[in-house]
Number of protein chains: 2
Amino acid sequence: MARAWHLKSRPQGMPTPENFEFKEVALPPVGDGQIRVRNSWLSVDPYMRGRMNDVKSYVPPFQIGAPLEGGAVGEVLESKAEGFAPGDLVQHMGGWRDEAVVDARTANKLPNLGAPPEQFLGMLGVTGATAYFGLLDAASAKEGDIVFVSAAAGAVGSAVVQIAKAKGMTVIGSAGGAGKCDFVRSLGADRVVDYREGSILKGLAAAAPDGIDVYFDNVGADHLDAAFAVARNNARFAICGMIANYNDATPASFRFIARIIAARIRLKGFLVFDYMPRFGEFYAEMGPWLANGTVKSRETVVDGLDNTLDAFLGLFSGANTGKMLVRL
Amino acid sequence: MARAWHLKSRPQGMPTPENFEFKEVALPPVGDGQIRVRNSWLSVDPYMRGRMNDVKSYVPPFQIGAPLEGGAVGEVLESKAEGFAPGDLVQHMGGWRDEAVVDARTANKLPNLGAPPEQFLGMLGVTGATAYFGLLDAASAKEGDIVFVSAAAGAVGSAVVQIAKAKGMTVIGSAGGAGKCDFVRSLGADRVVDYREGSILKGLAAAAPDGIDVYFDNVGADHLDAAFAVARNNARFAICGMIANYNDATPASFRFIARIIAARIRLKGFLVFDYMPRFGEFYAEMGPWLANGTVKSRETVVDGLDNTLDAFLGLFSGANTGKMLVRL
């Protein structure tokens with residue numbers, strides 16, 4: 001038997017504990033091409049909220065009554081798949097539970113980069129890769145650019161700040177509260193805007209008197225509108241997430257969206273999964289950056305599988321600094 | 001003496017006749033490098049509304065008490081500029097008046113493409129070039145794409161429809177009212193949505209059951225939101241204008257903007273002026289298209305300089321089919 005978090009009902013707005021059920025589940029036998037994994041680390045991420053709705057998107061919705069899924073790192077206990085043996089450490093999508101049977105095709109053996117395994121759910125995983133490809137490819141950011149990144153104390157945002165600094169950019173980050181702003185500053189950000197201290201528009205205008213060349217959007221809504229307002233000509237926006245909207249049925253409104261035209265702004269939505277074939281480029285830069293301290297990994301760790309839901313819900317109240325992880 | 005339309009006060013919302021004054025004005029003497037032109041055709045365009053506000057944009061605002069400006073075609077009466085002689089036909093920006101003294105550097109002698117001169121304010125002018133570069137460059141539209149264009153009966157929109165068909169695309173156009181929809185169909189559009197018959201979202205979803213690859217936006221607001229809703233993966237949006245917002249202080253709201261991420265949509269704002277160095281490409285394709293009937297030019301012509309304001313205001317109530325022109 002394994003223990004796993006299940007979706008009990010679809011949340012309306014902010015999820016509540018009543019939408020979930022934590023219970024034992026029988027594991028299927030390990031079939032051909034499959035592995036059984038004991039998880040040691042779980043990832044909780046804002047995008048999971050979208051999968052709780054019954055809408056078509058880039059990943060299918062979670063099913064009611066079925067276990068949730070998500071990024072996880074663990075050790076192979078049993079294998080009927082070529083190339084995988086008991087004892088191997090793997091990253092896979094059978095999270096939200098202590099033990100999982102997964103198709104080996106959806107699992108990756110951790111490359112030997114000298115990093116602790118949980119970093120493959122963070123700076124060396126989809127989190128870091130999202131920051132890397134979003135900034136450098138979707139937004140075409142380059143040395144000398146003035147970059148604004150929202151939710152800069154979050155998992156992706158804190159990676160964006162450090163990658164941008166490593167590449168010679170000027171970085172403005174937004175975060176909520178003095179502690180997080182200090183953290184963003186400690187990552188090397190040139191200027192930090194505390195969105196709890198007033199309108200993000202005023203804060204950003206003051207922090208970016210010369211405007212911005214790049215916006216890395218994790219928030220949407222008022223942050224995106226502020227970025228429209230201060231964008232320089234030919235600014236590029238990488239649209240990574242819109243956490244402000246995930247639990248809010250009110251449509252976001254934009255006073256400055258028409259500046260897309262006058263300033264010739266380019267917006268590009270992206271999904272990190274599209275960059276999977278290029279992960280080699282990412283490892284080649286991020287591995288050394290982590291090893292030599294250019295990029296530091298920061299996690300908020302919650303202990304215990306039974307606290308996974310609290311960890312997830314904390315993402316929407318700003319409980320995490322850096323990457324939110326669950327340690328089993 | 002010339003007669004010219006002046007800005008008397010800045011409009012709040014929709015402009016009214018009280019914001020303008022039509023009166024005689026003394027022409028300055030023709031200085032070195034200048035020409036005096038008698039206008040025969042004037043252009044009125046939605047972007048002029050933006051210049052009536054006192055805000056920084058890609059063109060400076062109109063000044064209160066000064067004559068308005070805009071595209072015009074006319075005949076040189078007097079020249080102190082090299083390369084210009086009396087009798088030359090020129091396109092220039094000294095519109096909203098019957099006679100103007102302009103710097104010859106801002107005037108273009110009409111190239112000999114066998115087209116009537118007023119077409120250099122339309123299909124062979126910035127209108128046609130806006131459609132051409134917006135569709136093919138900003139939106140990277142290519143053969144086989146499903147293209148949605150809003151305000152498809154308007155000056156730019158009707159050019160987009162025809163260029164897209166000439167390039168082998170499937171075209172869905174939106175317009176307001178049966179007469180305009182028939183016109184859009186007559187241009188070759190595969191499907192037409194009448195936005196006065198119900199929500200543009202429902203209309204577009206029905207007209208584009210397979211979604212859209214490209215959106216050419218002249219409207220913004222509900223049209224842009226509908227395009228977000230039905231965009232296929234890797235859709236490209238050229239953001240040309242947002243006429244729905246020009247006289248409306250209510251911020252546009254978007255229910256489907258987060259689809260930018262899931263569908264990896266690219267939005268690109270553009271200004272035709274940036275493409276001036278590439279007008280040769282445009283003439284090389286549009287000239288033959290007009291000559292052989294692949295592209296047809298349609299104008300709504302208002303006669304008389306004193307009716308210029310009515311022609312301009314008519315742009316916002318849908319009075320024009322195709323390009324709105326004033327004939328002197």
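The values are calculated or read from the model by the stated rules, or taken from the named source; none is laboratory data. Source: prediction; values computed, not measured. When we count neighbours, we look across all protein chains shown, and the Cβ atoms used for this are built from the backbone with ideal geometry, even at glycine. The area values use the complete protein model at the heavy-atom level, side chains included, leaving out ligands, DNA and RNA. Shrake-Rupley method; radii C 1.70, N 1.55, O 1.52, S 1.80 Å.
Summary table below
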{"item": "Residues losing 50 Å² or more accessible surface upon assembly, segment A:262-294, compared with the chain by itself, 1.4 Å", "result": "A:R264, A:L267, A:K268"}
{"item": "Coarse-grained scattering of segment A:116-176 at q = 0.15, 0.24 Å⁻¹, given as base-10 log I(q)/I(0) from a Debye sum over alpha-carbon atoms", "result": "-0.40, -0.93"}
{"item": "Spherically averaged projected area in nm², based on the convex hull that wraps the Cα atoms of chain B", "result": "16.1 nm²"}
{"item": "Computed Rg/Rh of the protein assembly as shown, alpha carbon atoms with Kirkwood Rh", "result": "1.05"}
{"item": "Residue-span extension gain [B:E281 to B:E78] - 0.36 nm each, minus C-alpha spacing", "result": "69.9 nm"}
{"item": "C-alpha center-to-center spacing [segment B:1-64, segment A:61-135] in angstrom", "result": "64 Å"}
{"item": "Long-range amide H partners of B:E78 with built H, under 5 Å", "result": "B:R36"}
{"item": "Teacher prompt: B:D210 distances to equivalent labels in other copies, 7 Å Cα→Cβ, nm", "result": "4.8"}
{"item": "Difference of contour (0.36 nm per residue) and Cα-Cα distance, B:I64 to B:A205", "result": "46.3 nm"}
{"item": "Mean accessible surface per residue for segment B:183-308, computed with a 1.4 Å probe while every protein chain stays in place, in Å²", "result": "42 Å²"}
{"item": "Length-normalised contact order for chain A - Cα pairs under 8 Å, 6+ apart - percent", "result": "17 percent"}
{"item": "Residue-by-residue Karplus 3J(HN,Hα) for segment B:303-320, coefficients 6.51, -1.76, 1.60, Hz, glycine and proline x", "result": "9, x, 4, 5, 9, 4, 5, 4, 4, 5, 5, x, 4, 8, 10, x, 6, 9"}
{"item": "Over segment B:1-65, relative contact order from alpha-carbon pairs under 8 Å, at least 6 apart, %", "result": "37 percent"}
{"item": "Amide H partners (placed H, <5 Å) of B:W41, local residues excluded", "result": "B:V73, B:L328"}
{"item": "Chain B - mean residue ellipticity at 222 nm from DSSP helices (-39,500 (n - 2.57) per run, n ≥ 4, rounded to 500)", "result": "-6500 deg cm²/dmol"}
{"item": "Per residue Cα convex hull volume in Å³ - calculated over segment B:191-284", "result": "140 Å³"}
{"item": "Tensor-based shape of segment A:71-124 (alpha-carbon gyration tensor, a/c under 1.5 rounded, otherwise prolate or oblate)", "result": "oblate"}
{"item": "B/A buried area, accessible surface, summed, 1.4 Å probe, Å²", "result": "2300 Å²"}
{"item": "Along each principal axis, Cα extent of segment A:1-100, largest first, Å", "result": "43, 28, 23"}
{"item": "Longest segment of chain B lacking GluC sites (Glu not before Pro) that sit in a DSSP loop with at most 11 other Cβ atoms within 10 Å", "result": "B:144-328"}
{"item": "Sequence of B:T300, A:T16 from largest to smallest accessible area, 1.4 Å probe", "result": "A:T16, B:T300"}
{"item": "For segment B:126-273, fraction of C-alpha pairs farther apart than 24 Å, in %", "result": "20 percent"}
{"item": "Electrostatic dipole magnitude of chain A [Cβ: Lys, Arg +1; Asp, Glu -1; Cα centre; debye, to 20]", "result": "760 debye"}
{"item": "Hydrodynamic radius (Kirkwood) for segment B:22-76, which is based on Cα pairs only, to one decimal in Å", "result": "13.4 Å"}
{"item": "Proximal charge balance of A:C240 [Cβ under 15 Å; K/R count +1, D/E count -1]", "result": "+4"}
{"item": "Charge dipole magnitude, Cβ of K and R +1, D and E -1 - the protein assembly as shown, Cα centre, debye nearest 20", "result": "20 debye"}
{"item": "Choice from A:P111, A:P61, A:P209 showing the highest fluctuation, given a GNM over chain A with Cα pairs closer than 10 Å", "result": "A:P209"}
{"item": "For B:K8, net neighbour charge (Lys/Arg +1, Asp/Glu -1) across residues whose Cβ lies under 11 Å away", "result": "0"}
{"item": "Percent carbon-and-sulfur accessible area, segment B:103-227, ignoring ligands, DNA and RNA, probe 1.4 Å", "result": "49 percent"}
{"item": "Rounded to the nearest 20 debye, dipole of segment A:126-273 from Cβ charges on Lys, Arg, Asp, Glu", "result": "260 debye"}
{"item": "Table column - 3J(HN,Hα) (Hz), segment A:135-144, Karplus curve with 6.51, -1.76, 1.60, x for Gly and Pro", "result": "5, 8, 9, 4, 9, 6, 5, 9, 3, x"}
